[in-house]
1. May I ask you to list the residues in the stretch 121-135 that are touching an Asp or Glu at 6+ places or on another chain (Cβ under 8 Å) and closer than 10 Å to SER58 by Cα?
2. Can you pull out the residues in the stretch 202-218 that are under 15 Å from the mean Cα position of the chain (by Cα) and under 19 Å from THR283 (Cα atoms)?
3. Could you list, in sequence order, all residues of the stretch 235-262 that are under 30 Å from GLY137 (Cβ atoms) and acidic (Asp, Glu)?
4. Does the stretch 193-211 hold any residues that are surrounded by 13 or more Cβ atoms within 10 Å (Cβ to Cβ) and modelled with pLDDT of 70 or more, and which are they?
5. Going through the stretch 158-192 one residue at a time, which ones are modelled with pLDDT of 95 or more, open to solvent by 20 Å² or more (accessible area, probe 1.4 Å) and under 30 Å from THR127 (Cα atoms)?
6. Counting just the residues of the stretch 219-267 that are among the β-branched types (Val, Ile, Thr) and over 13 Å from the mean Cα position of the chain (by Cα), which one comes out nearest to ARG173 (Cα to Cα)?
7. May I ask you to list pairs of residues, at least six apart or on different chains, whose Cβ atoms are under 9 Å apart, with the first in the stretch 127-153 being among the basic types (Lys, Arg) and the second being modelled with pLDDT under 95 and open to solvent by 10 Å² or more (accessible area, probe 1.4 Å)?
8. So ALA132 clears everything in (1) open to solvent by 60 Å² or more (accessible area, probe 1.4 Å); (2) closer than 19 Å to VAL174 by Cα; (3) hydrophobic (A, V, I, L, M, F, W, C); (4) under 22 Å from the mean Cα position of the chain (by Cα) except one condition, right? Which one?
Amino acid sequence: MRSKPYVLLLSAVAALLVLLGAAPRATAAENGEWAVYPAAAKPGSRPYYYLSVDPGTSLTERVTVTNKTAAPLTFRLYGADAYNTDRDGGFAIRTQAEKQTGAGAWIKPERTRVTVPPRSAVTVPYTLTVPADADPGDHPGALVALDERISPSGQGSVAVGVQRAVGARVYLRVNGPTVPALAVEDVTLEQDRPLVPGVGGSSALVTYTLHNRGNVTLNPKVVLKAEGLFGRTLLDRDLAKVPSELLPRQKIRLTERWSGSPQFDWGDVTLTASAKDVKESGTVSFMALPWLAAGTLLVAAVTGFLGLRMRRRRALNEA
């Protein structure tokens, strides 16, 4: 008798949130089956929450969850903190299982479980209470509707259960002093050059960390500039792979490919990041010297030096 393959269904490790991406769009957060947005007179006319609160105070808001399917759906409602993803710096949200320390901890829905009938909407009040000792500045997050259904995903002997979620972004500012601060850290450069100059192309991979050290969300721009010997400009361009929103106290590791980098040169690569009221740079030096050519020159130099010493000794002995 052949035994059936053993399949283990794991509970969801992370929810799939439609909050990832670069720039926020002025539409309600949705995935085609359900949508989550701030309650308003016209559905979807207010896609995000923009809230300003003093420390030690609270306010009441409402969230609307719309079911676009032909069957009832049940959701878990919860508040979540936002962060920048390591992959591309996109706007992402903590899962319900993770610890919330900002807006996610301060948002309390009136109901944490809600069933929405087919092709209908349900509006739920929630309270946002800011502690008296809360740090001033931005505390982005979201009000999330997590589908209670667990869908199997993956193949083989182990299947992973995945839950999907949709959340309305909460752009919360705690009133008080705002301090924009930005840093470009740990700039490195890896070169890929042919052994013989001129035989094949060359490139360099520039890697750096963009760090929001302040307490407000920044919309950074980054310029990459490379200079060779005698201050010659080798490269000067704006970078496209930069997050449109770098959240407070977040840092991300980014890379940029420099095609056609020099095969024989010496200089510096500088990354300059700027946002409103702040501008900082980071620099790394480079030496483009083909190892085969360098080895040949070194061998020739050593050989010449030894030959010169031998000739001098021979001349001294003959004198």
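1. Of the residues in the stretch 121-135, the ones touching an Asp or Glu at 6+ places or on another chain (Cβ under 8 Å) are 124-128, 130.
Within the stretch 121-135, THR127, LEU128, VAL130 meet the criteria.
2. The initial filter retains those residues of the stretch 202-218 that are under 15 Å from the mean Cα position of the chain (by Cα), namely 207-213, 217-218.
Those that are under 15 Å from the mean Cα position of the chain (by Cα) and under 19 Å from THR283 (Cα atoms): THR207, TYR208, THR209, LEU210, HIS211, ASN212, ARG213.
3. Taking the stretch 235-262 and keeping what is under 30 Å from GLY137 (Cβ atoms), we get 238-256.
ASP238, GLU245, GLU256, listed by residue number.
4. SER202, SER203, ALA204, LEU205, VAL206, THR207, TYR208, THR209, LEU210, HIS211
5. Of everything in the stretch 158-192, those that are modelled with pLDDT of 95 or more, open to solvent by 20 Å² or more (accessible area, probe 1.4 Å) and under 30 Å from THR127 (Cα atoms) turn out to be TYR171, ARG173, ASN175, GLY176, PRO177, THR178, VAL179, PRO180.
6. Here is the first cut: in the stretch 219-267, the residues among the β-branched types (Val, Ile, Thr) are 222-223, 233, 242, 252, 255.
Subset that is over 13 Å from the mean Cα position of the chain (by Cα): 222-223, 233.
Numbers: VAL222: 25, VAL223: 29, THR233: 42 Å.
Taking the candidates together, the pick is VAL222.
7. Sorted first by the residue in the stretch 127-153, then by its partner, the pairs are ARG149/GLN163; ARG149/ARG164.
8. Condition (4) is where ALA132 drops out.
The values are calculated or read from the model by the stated rules, or taken from the named source; none is laboratory data. Owing to the predicted nature of the structure, the values given are computational and were not obtained by experimental measurement. For neighbour counting, all protein chains shown are included, and Cβ atoms are generated from backbone atoms with ideal geometry for every residue, glycine included. When the accessible area is computed, the model is the full protein with side chains, heavy atoms only, and any ligands, DNA or RNA have been set aside. Shrake-Rupley method; radii C 1.70, N 1.55, O 1.52, S 1.80 Å.
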